[in-house]
Each structure stands twice: as C-alpha cells, then as structure tokens.
1. Starting from residues that are touching a residue at least 12 places away in the same chain (Cβ under 8 Å) and farther than 20 Å from residue A:137 by Cβ, keep the ones in the stretch A:63-78 and report whichever is surrounded by the fewest Cβ atoms within 10 Å (Cβ to Cβ).
2. Can you work out which of the residues in the stretch B:165-215 that are of a type in the set (Ser, Thr, Tyr) and in contact with a Phe, Trp or Tyr (Cβ under 9 Å, 6 or more places away or on another chain) is nearest to residue A:104 (Cα to Cα)?
3. Give the stretch A:153-178 a look and list any residue that's in contact (Cβ under 8 Å) with a residue 60 or more places away in the chain and buried (at least 16 other Cβ atoms within 10 Å of the Cβ), or say none.
4. Would you be able to say whether some residue in the stretch A:68-80 is closer than 30 Å to residue B:53 by Cβ and either in a loop (DSSP other than H, G, I, E, B) or small (Gly, Ala, Ser) (or both)?
5. For the stretch A:19-34, what are the residues that are of a type in the set (Gly, Ala, Ser) and within 15 Å of residue A:238 (Cβ to Cβ)?
6. For the stretch B:37-76, enumerate the residues that are away from chain A (no Cβ under 14 Å) and over 18 Å from residue B:180 (Cα atoms).
7. How many of the residues making up the stretch B:173-197 are away from every other protein chain (no Cβ under 12 Å) and modelled with pLDDT of 85 or more?
8. Going by the structure shown, is residue B:91 more than 20 Å from the chain's Cα centre (by Cα), closer than 23 Å to residue B:180 by Cβ and either more than 8 Å from every other protein chain (Cβ to nearest Cβ) or of a type in the set (Gly, Ala, Ser) (or both)?
Amino acid sequence: MGRLAARGVALSYLALLVGVPVGLVFYRAFEKGAGHLWESISTPEAQHAFWLTCVMVAIAVPLNTVFGVLCGLVLVRQRFRGRALLSAAIDLPFAVSPVVIGLALILVYGNRGWLGGWLTDHGIQVIFAPLGMVLATIFVSLPFVVREVVPVLRELGTDQEQAATTLGATPLQSFLRITLPAIRWGVAYGVVLTTARALGEFGAVSVVSGKLAGRTETLTLQVEERFQAFDVTGAYAAAVVLALMALVTLLAMNAIKPKEAS
Amino acid sequence: MAYLSLIALLPLAAVVARSTEGGFAGFWKAVSNPQAVAALKLTLIASLVVVAINAVAGTLIAWVLVRDEFRGKGVVNSLIDLPFALPTIVAGLTLLALYGPKGPLGVDLAFSRAAVVLALLFVTLPFVVRAVQPLLLDLDRETEEAAESLGATQPVVFRRIVLPTLMPAILAGSGLGFARAVGEFGSLVLLTGNIPFKTQAASVLIFSQVESGDVTGAAAVSVVLLLLSFVTLLGIGRLAQRTLRHDG
C-alpha cells in the first residue's frame, strides 16, 4: 500500500509539473492544424532565428569541446598551485545567473566597456551583434565537457599511456590512440549537454542581443518576442521547434548514458 | 587559460568593479533600495521553499524510480531530464499554458508569487533526483532486511537506515538546485509578469535595470547574487570532500 501511494504521489507530481504542461504546448501548437504551424515557423524571421540558433551551437560546441578536453587533462594530470581555484572558476557559469553573464559581457565588450574602445577602433561590434551572442553561449555552456571528462580521466589513470610512451609513442600518438578512445563516451555526453544548453540559452543571449528581428534573434528570443506581441500561437510554434530539438538531445543523452556506465 | 579569462573571468571581474564604482556607499545604496531588497528577498525565499519541496519530492521520485516496478518506468525516468534539456523560455511558456489565464484546469497562477515557485520547481526538478538515484541503486538491501527481521517497521527503517545514507546526496542536490534557482531568469519572464515588489525576482530586476541603463545598480544586485551562489557552491564542495573522507 505504501509503495502504491508513493508511486501515485511521485507520478502525479511529475505529470502536473512536467508531463501535462509540455503535452499541452504541443496540443496548442497543432490545434489550428499542421499547415498553420508550418506557416508560422517558415516565415523569414523564423527561418533566420532557426539558422542563427544552429550557428551558435555550431560555434560554441566545438570550441567548448576542445577546451573541455584540454582543461580536463590539465586538471587531472598536472599538479600546480591554484588548481582548486581553476576548478572552481570552471564551475562559475553553473553558479552565475544568465542575466549576470550578459551584463558582464556588456561591461567588457560593450561600447563603453573595458575593451570597447579598442574594439570600436578596429570596427568590431560585439554587443548587439551575433559575436556577443556567441560569447554568451560559450560562457553558459563552458563547464559541461570538462565536468564529464574529469571523472573518466581520473579513473583511466596513466598506466596505458606510460606503456605506450615506453614503446616509443609520441605524446600526440598516445593521446589520439589511447586517451581519446578511452574518454570518448564522457566527451560525447558532455557534447550533448553542451548542445542542449547552447540551443536553449535565453537570459545571457537576451541581454547582449538587442533583439533585432531577422538579425540577432535566436529561436528562444523569438518565443518571447512573439508572446509579448500577443502572437501566442506563433510563440507555441517556435516553442515546439525548440522542444523537438530538446527531445532529440534528450534521446541522445539516454542513448549514451548506458554505454558510459558499462 | 586565456580562453577562460577572456570569456568568463574578465567579464565577471568587470561586474564586481562596476558595482563598487561609487565606493562601498554607492554599492550599499544600490543594493538597499526598496525594489532591490524586495527582489532579493523574493528570490531568496522562493529558492528556499523550492529547495525544501525538492528535497522531499526529489527523494520520493528517486525512491519510486529505483525501488518500484511499473510499466513505462523508462519513460518517466527520461522525463526527469526534460527540464535540463528544455530551453527555460519554453519551460515558462509550457507552465503558462496549463496554469495561465486560459489554462484548461481553471487555475490561474500567472503573475503571482506561486508562479515564481512553480517555475523554479520545474527547472530544478532533476538535481535532487539525479543526486539520490545512484546512491539508492548502490544501497545494500541487507541492512534494511536485517532491521526488518528484527521488527523495525518500514518508516523506522527508512528514517534510521535509508535516510542517513542518502542525506549527503540530498544536501548536494539541494545545494545545486538552490544555486540554479537563485539565478533563474528565462522561465520567470513570461510567467510572473515581473511586477516590482510582488513577483519581480532578482535576475529579472537586473535585466530591467540593464534595459533602462542603470548598469551600476544592475552590477550591484548581480554581486549579491554572485556571492549567494558562490557560497552555496563552496558549501557543496566542502560537503563532497567530507563525504569522500568518510568513505576513505
């Protein structure tokens, strides 16, 4: 009896908090028919927002993956002063509000920011331009690969690499042939998490974008813009596109997880 | 290192620098204006409420997912990760669809403080569940069975054996959830209406301050938020170390 009650409470809680609301958005988006939905997500602004979102992901994910693996190696393999500090610094984006991240970028890269003068002199616009949005996306999704790679590297140890080195492998060879294959599922999981975060970032991007429709508007920003403009069905449509992308990443997450465990 | 500095450290340093531009007095004036105090108070209280609910609900969900067997458990299990995968603005919109003015349930929580708590509950759902689940999976059933054979009732077994083992994980998950709740922005924008003194959370206040050009004020409130989440993360780090030492 206790078991059934627990199950009932847990499942109802999940249904009311997650299941039903998400289902309802899909229902609302399709309410007026698939044709209407397609029209709403194929306007030039919507297409531009979709591509801009994809570009953000395409830039932020590879950069953070390379950084994540390098940083993981440094954190696990090297002993130096301030290692704990570096580790804490990498976690910062988890702890900092996205809005604060956006504000921080404006203070450095904005017109009157620390580097603003130099950037303006060289004709580079960061804030209210896609470049700033890329920076914001990189910032918020920075820690994921590092956090997934560090435990795997720690468990791996250095025995095999040392063996390879004594057999004459160069550091690059031993990295490519031994380390990288061993940590590949950790990296893959980190990449999926980074992608999910980069796709869905709203706060930080919102602050630095200036929200110029058709220029600096990503899908998440478009959801808000359409909603504020009383185009609720349009907002649901854009939200469904994002939700579908999120579902794909979720499926990828679940596909990778068991492999990592075994 | 240069990458980390240019993208993360330098900008955050700029926030701290900007907040103290007018000296400590200027900082204090920005932080202690009534609207900022109200926003920070709302953020703090709502986050604490959310942490308390999550600690109970998260542990219960994890327990059901590990110890119970039913059809569709796999689906439920992946549903837990949905709030991580779903963009926060979409999260706000989904909650508004069900609990908003035209929701089918007839419950209208939009623009109320309850909506703040609801949004935060949604985005922080996975933290406690995912922290507790692996520990429960590893937990040895023998101790519980021994206690039961000695006449302990189920609630006693749970309180005296299961709960103490899970406590570090519950605390760690709650801490992460708290840090997340304090900074949450996207899911609140549509759902709460951002009414000053009523439903305006700290992150939303910062956003409107930036929009209206009060960058120094925004930086000051940001520093308070930074301190809050940084202290929480340090606490979790401490906790993790202590648990590791006990294991060794």
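The values are calculated or read from the model by the stated rules, or taken from the named source; none is laboratory data. Nothing here was measured: the structure is a model prediction, and the numbers come from that model. Heads up, the Cβs are rebuilt from the backbone with ideal geometry, glycines too, and the neighbour counts pull from every protein chain shown.
1. Of everything passing the filter in the stretch A:63-78, A:77 is surrounded by the fewest Cβ atoms within 10 Å (Cβ to Cβ).
2. Among those residues, the one meeting the criterion is B:203.
3. A:153
4. No, there is no match, as no residue in the stretch A:68-80 is closer than 30 Å to residue B:53 by Cβ and either in a loop (DSSP other than H, G, I, E, B) or small (Gly, Ala, Ser) (or both).
5. Selection gives A:29 alone.
6. Matches in the stretch B:37-76: B:37, B:38.
7. 3
8. Answer is no for this residue.
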